[in-house]
Each structure stands twice: as structure tokens, then as C-alpha cells.
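The values are calculated or read from the model by the stated rules, or taken from the named source; none is laboratory data. Just so you know, these numbers come straight off a predicted model, no measurement behind them. Every residue, glycine among them, receives a Cβ derived from its backbone with ideal geometry; neighbour counts consider all protein chains shown. Each accessible area value is taken on the protein alone, full model and side chains, heavy atoms only, with ligands, DNA and RNA left out. Shrake-Rupley method; radii C 1.70, N 1.55, O 1.52, S 1.80 Å.
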Amino acid sequence: FAAVRFLLFAATYLGFGGGASAQGEKFRPHFYDGVQVICVGIDDYFSPGVPKLNQCVADAKAFAGVLEKQFGFVSPKFILNKDATRRAILQSLDEIDRQTSPPEVLILYFACHGVSFEFTEKGNPVPVRVGYLVPHDAQVDLKDTSRPALWAEEALGMRALVDRIERLKCRHVLLIADTCCSGFLTKRGGLESRETVSLLSDPSRTILAATTQQESAREGVFTRELVDVLKQSAKDNEPLSVTDVFQKLRYLVPQKSGIKMTPQMSHVGAGDGEFVF
């Protein structure tokens, strides 16, 4: 099946392919045996120390919408607001692991608060930098980073999340974080050139982040540009690897954010593949 999908990919890449849903609506074709999309969006937080956001739920829905309408990735799973607890998010990954036949692709999207800070461990004078995504139920104060053990217990450690997706049985995992300080997720590995045949056949774990590990995210900017890039790809029937998407966002997002956001990308793990929209 992988060989057949690659031939379809090659035909489409050269302008000969096409795809349609069962209802006859045309999509940009994709080449995978099952795509699971999980979108986490959090505007409202339980803790008074975590300010309300305004755009995250809308961004999660907009991103899932373009995947469904333009690419045919149907039935996205939404984890929104009060449902987006630390336990629920981690359980959604555990559920994929428990499947007898896990999806070939997992796209995991976050729009929420993110933080990154340094602290000094007892007996070690060298500061340690950590990064966290903030779930709805996290009992933390964004202005108080003096208790790193509390953050580790209440929030989603970015490094631990990357380690978790590395262990998933899916062939391709794409983690997208439209959060402040999300660049901390990417502080492993780097970019390499890849042969097209390897993109589909080899495993991959790729992280696409809206900002560096110290920048704040301006609400709506990153996801709006991401959605527009994917819409144009579908319109042009132009297959885009995650690297292709990143290169476009690396140009567009700084412009639209007033040079206040710099998207980051990283490949983690040993696989040489890459997800292709």
C-alpha cells in the first residue's frame, strides 16, 4: 500500500492526480491509511492566575476546518476549554496507543497559554530552562515561576510531550503549537534535506511552533497564516511537506506580527520521513 500511495503522490506532485470524497466534493488528495486530528483550544482557565484568552477555540476550529474541508481529514477530535484538562489531553494520546490499528498520521494542535522559564536546581548552579503548555485545570499563576515542581505537576511539560509523541505507534506525528514560548518544543534536532520518496515511507515526528521559546504569541496571527497557506495549497493542488509550510510561515508570520513572532520547526527522533499535506 505504501508503494501505491507513493505512485499516487508522484502523479499528483507532477500535476496528474486528483481526489474526491464519497459525496463528490473534491479535496487535495492525501496518501495515508487514516489521519487522526486532535485540536486543543483553551480560552477559559480555572485558575485566577491564568488570564483568559480570546482566540484559541476559534483558531482550533479554523485549523480543523481547513483540514476537513480542503483535505478530507474528517472527524477531528476537539478538546476545548473546561474539557481540556491535563488528564484528558494525555488520555487522548493513550487512547491512540491502545488502538489495535493506530492511525498512520496524528496531527496534534494546541492553542493555549505557554510558558518558558529558568530555575536553579539545588546543588547545581547552572540554570535549567523548562517549558510548559497550560491546560484548563492547571493550578498555577503565570507570574509565579518560583515553584518548578508545581508546574511539572499541574501543566504539560513541553519536553515530556515531545518524548511522549516519539513513542506513539503512528508513522507520522505533527505537533503544532500556537502558544507563547512554543519554540521550546523545537530545541532538539534540526532541518535536513529529504528525498521525496522518504517523506511518505519513513516515520517522522515534527514540531511546528508559533514562536521562539521566549516570545509571546499574538492571538490569531500564526493560525490565520497557517490556514491561508493550507487553503492555497488545496486550491493550487500543490502538495506541501511540513518543511514547505514552515518556510512560508517563517516569511509571513513575522511580517503580520510586526516582527514579534518567529515560527520554529524541529524534527525529533530517528525517522527521515515527513508529513505531506
Legend entry - Test for Thr262: is it of a type outside the set (Lys, Arg), surrounded by fewer than 18 Cβ atoms within 10 Å (Cβ to Cβ) and assigned to a loop (DSSP other than H, G, I, E, B): yes
Legend entry - Verdict on Ser233 being at pLDDT below 90 and open to solvent by less than 10 Å² (accessible area, probe 1.4 Å): yes
Inset, instruction - Check off (1) among the β-branched types (Val, Ile, Thr); (2) surrounded by fewer than 15 Cβ atoms within 10 Å (Cβ to Cβ); (3) modelled with pLDDT of 95 or more for Ile176 and give me the number that stays unchecked. - result: (2)
Legend entry - Entirely in region 33-121, the strands (runs of 3 or more DSSP E) that have 2 or more residues that are surrounded by 14 or more Cβ atoms within 10 Å (Cβ to Cβ) and in contact (Cβ under 8 Å) with a residue 60 or more places away in the chain: 35-41, 105-111, 114-119
Inset, instruction - Considering (1) under 22 Å from Ala111 (Cα atoms); (2) over 16 Å from the mean Cα position of the chain (by Cα); (3) surrounded by fewer than 20 Cβ atoms within 10 Å (Cβ to Cβ), say which one Arg250 fails and leave the rest. - result: (2)
Inset, instruction - Select from region 122-133 the residues that are exposed (fewer than 14 other Cβ atoms within 10 Å of the Cβ) and among the aliphatic types (A, V, I, L, M) and write down the one among them that is nearest to the chain's Cα centre (by Cα). - result: Val128
